[in-house]
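For reference, the structure is listed below as structure tokens.
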Amino acid sequence: MRNIGEILAPLLMNKKPSNALIYGKTGTGKTASIKFTSNVIEEKAKGRGTNFIMSYVNCRLEGTEYRTLAVIAEALGLTIPFTGLATNEVLKRITEKLRHSEISCLIVLDEVDVFVRSYGDDLLYQLTRMNETLPTSRVAIIAVSNDISFKELLDPRVLSSLSEEEVIFKPYTADEIKDILQARVSLGFNDGVVSHEVVNLVAALSASEHGDARRALNLLRVAGEIAERAGLLKITAANVREAVLKIEEDQVFEICRSLPLHSRLLLAVVLSLGKKNKAPTSGEIFTSYKQLVEKLKLPELTYRRVAMLLNELEMVGLVESKTVNLGRHGRTRKMRLAAASDPVRRALQSDVLVAQLLE
DNA sequence: CTTCCACCGGAAGTACCGGTAA
DNA sequence: TTACCGGTACTTCCGGTGGAAG
């Protein structure tokens, strides 16, 4: 946080600060640290009469260039319709606003790597260049990325401008997670409910799995709920292991339920074909899908689109595939369920498909 | 060594939606 | 009213391709 503070400090002296690139996996405290630091700066700025505005954008959640810019514009007090304007128009309005006032502006672009992968670095380039044309206002950009190879996606000009400073957040070690958990245990549980062994177990599981503090806390909470429901006075190691499974199953269930119709149909096909014929090929899946769709009197998607949906299912981890080569008989992917079948079935059952699935 | 299958996946185009600006 | 915007969800077209069969 001190590091980030030092980078941003020039904003308080009405100077242009360096842009920064921040790396770190999810749950390592990037967002919290930036928000905290920026609040401190905002306080100081108030005392000095500097007009400081922080705009935090999660680029992945916003999804598109237009909406990313819209969020920045709104932080500056502009109202931007959610559609209708040209993207460049939004950028123009932002620059106009900054040109006609004196603002120290910090733009935080979270999960920018995901964004750049689908939209390229044009937007980043334009944002980094904005300072040059602004006489009175200053803009600092902090780009936050989950993975380090992100650099390779950037044009050298953008990269050099963006990486004037770099900060890296390492995943938490088991010891660090232990500290974090311990601090929360004393707030959230009665004395003696959570033993050191349980904290150690949760910390060890989390550190080896992901090093994500948020998920570690979640794991402990779920374990606590399980123990409570079982009428226990203390959380046991078994509760923790059960919690691991439960969290996983709940995630699978949620993902399945929120899938669009045709993805769910495909998942149902993979599930039912997988039973008799262990690992159907993409061609077989498509044929069964066609039959299913015909039976349900639904419009049918093309093979191309179906292949894309199957890829998406694989991406979210519900399905896994292996390419196999049959020589003269071509090449194909064999697909099967990668997630626990139980929550998948439960999620699909709340649907029209029940009848078809039972065949 | 060549052939040829059963797909893969990039690219461009279409239709529609809900909107703005002049 | 007209021209145009971006986003989503698809379709159409088509040039690959790994490796066993032949």
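The values are calculated or read from the model by the stated rules, or taken from the named source; none is laboratory data. Since the structure is predicted, the reported quantities are computational estimates derived from the model, not experimental observations. For neighbour counting, all protein chains shown are included, and Cβ atoms are generated from backbone atoms with ideal geometry for every residue, glycine included.
Are any residues in the stretch A:317-333 surrounded by fewer than 17 Cβ atoms within 10 Å (Cβ to Cβ) and more than 8 Å from DNA strand B (Cβ to nearest atom), and if so, which ones?
Scanning the stretch A:317-333 gives A:317, A:320, A:322, A:324.
Quick check on residue A:72: is it within 22 Å of residue A:131 (Cβ to Cβ) and in a helix (DSSP H, G or I)?
Yes.
With the requirement that a residue be of a type in the set (Gly, Ala, Ser), surrounded by fewer than 22 Cβ atoms within 10 Å (Cβ to Cβ) and under 20 Å from residue A:130 (Cβ atoms), what does the stretch A:1-27 give you?
The answer is A:18, and nothing else.
Name the residues in the stretch A:297-314 that are at negative phi and away from DNA strand C (no atom under 14 Å from the Cβ), would you?
Kept after step one, since they are at negative phi, are these residues of the stretch A:297-314: A:298-314.
Answer for the stretch A:297-314, where residues must be at negative phi and away from DNA strand C (no atom under 14 Å from the Cβ): just A:314.
Every residue, every condition in (1) in contact (Cβ under 8 Å) with a residue 24 or more places away in the chain; (2) more than 16 Å from DNA strand C (Cβ to nearest atom); (3) of a type in the set (Ser, Thr, Tyr), yes or no:
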site	(1), (2), (3)
A:242	no, yes, no
A:245	no, yes, no
A:251	no, yes, no
A:256	yes, yes, no
A:263	yes, no, yes
A:270	yes, yes, no
A:274	yes, yes, no
A:282	yes, no, yes
A:295	yes, yes, no
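What are the residues in the stretch A:79-95 that are assigned to a loop (DSSP other than H, G, I, E, B) and touching a helix residue (DSSP H, G or I) at 6+ places or on another chain (Cβ under 6 Å), if any?
Within the stretch A:79-95, the subset assigned to a loop (DSSP other than H, G, I, E, B) is A:79-86.
Result: A:80, single match.
Counting just the residues of the stretch A:123-160 that are more than 25 Å from the chain's Cα centre (by Cα) and hydroxyl-bearing (Ser, Thr, Tyr), which one comes out modelled with the highest pLDDT? So that I can check it myself, show each step before the final result.
Taking the stretch A:123-160 and keeping what is more than 25 Å from the chain's Cα centre (by Cα), we get A:129-139, A:156-157, A:160.
So of that shortlist, the ones also hydroxyl-bearing (Ser, Thr, Tyr) come out as A:133, A:136-137, A:160.
Working: A:133: 81, A:136: 85, A:137: 88, A:160: 91.
Taking the candidates together, the pick is A:160.
Somewhere in the stretch A:264-278, is a residue modelled with pLDDT under 95, more than 18 Å from residue A:339 (Cβ to Cβ) and out of contact with any His (no Cβ under 6 Å at 6 or more places or on another chain)?
Checked the stretch A:264-278: at least one residue is modelled with pLDDT under 95, more than 18 Å from residue A:339 (Cβ to Cβ) and out of contact with any His (no Cβ under 6 Å at 6 or more places or on another chain).
Taking residue A:107 as meeting all but one of (1) within 22 Å of residue A:133 (Cα to Cα); (2) of a type in the set (A, V, I, L, M, F, W, C); (3) in a loop (DSSP other than H, G, I, E, B), write down the number of the exception.
The single condition residue A:107 does not satisfy is (3).
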